[in-house]
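To start, the structure under review is shown below, and the notes come after it.
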Amino acid sequence: MTGFVVVLVAIVVTVAIGLLYRKLNGRVREKGQPVEVVLPAPVRTALDAAPDAGSPVTLLQFSTTFCAPCRHARVLLTDLAGRTEGVRHVEFDLTAHPEVAEQLHVLRTPTTLALAPDGRELLRVSGLPKRDALVTALRPHLP
């Protein structure tokens, strides 16, 4: 009987963790007030080298080499930027720059920051973004 209870508790805990992960994955966390972010030099270089530097919103995606969800995020964000006026997408690979993840508090990949032209963080998404939620959150920041 004790073994049955242990298995039942393990199943309940596993399901609860899975549901929590599903709820938090890809959730858009908007900032009440845009937060000033000090971007490390490699990130600034990548942003400066990317086209459309004057866009009102830059979707800065942090990825790693072997991250499967990062590829899906790249496709989604590139498509969104291509279809939405005033949005550009820039991808930054953290594989060679793990210190950047620490400085910007990136705990997992993909993580996407929406940045204003002056470098303020408008919102953050950890995990694969949900397109509709992201578009809704970006709308007030677009022309």
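The values are calculated or read from the model by the stated rules, or taken from the named source; none is laboratory data. Quick caveat, the model's predicted, so the values are computed rather than measured. Methodologically, a virtual Cβ is constructed for each residue, glycine included, from the backbone with ideal geometry; neighbour enumeration extends over all protein chains shown.
Couple of notes before you dig in:
- Every residue from the stretch 47-77 that is within 26 Å of residue 139 (Cβ to Cβ) and either aliphatic (A, V, I, L, M) or touching a Cys at 6+ places or on another chain (Cβ under 7 Å) (or both): 47, 50, 53, 57, 59, 60, 63, 73, 75, 76, 77
- Answer from 41, 101, 81 - the residue that is of a type in the set (A, V, I, L, M, F, W, C) and surrounded by fewer than 16 Cβ atoms within 10 Å (Cβ to Cβ): 41
- First in the stretch 118-143 and closer than 25 Å to residue 67 by Cα, second anywhere and of a type in the set (S, T, N, Q), Cβ under 6 Å, 6 or more apart: 125/112; 126/111; 127/25; 129/112
- Residue match in the stretch 35-57 (condition: at positive phi and acidic (Asp, Glu)): yes
- Only one entry of 44, 22, 29 meets the criterion of being part of a helix (DSSP H, G or I) and at pLDDT 75 or above, and that entry is 44.
- Boolean, residue 5 is loosely packed, with under 10 Cβ neighbours inside 10 Å, assigned to a helix (DSSP H, G or I) and modelled with pLDDT under 95: yes
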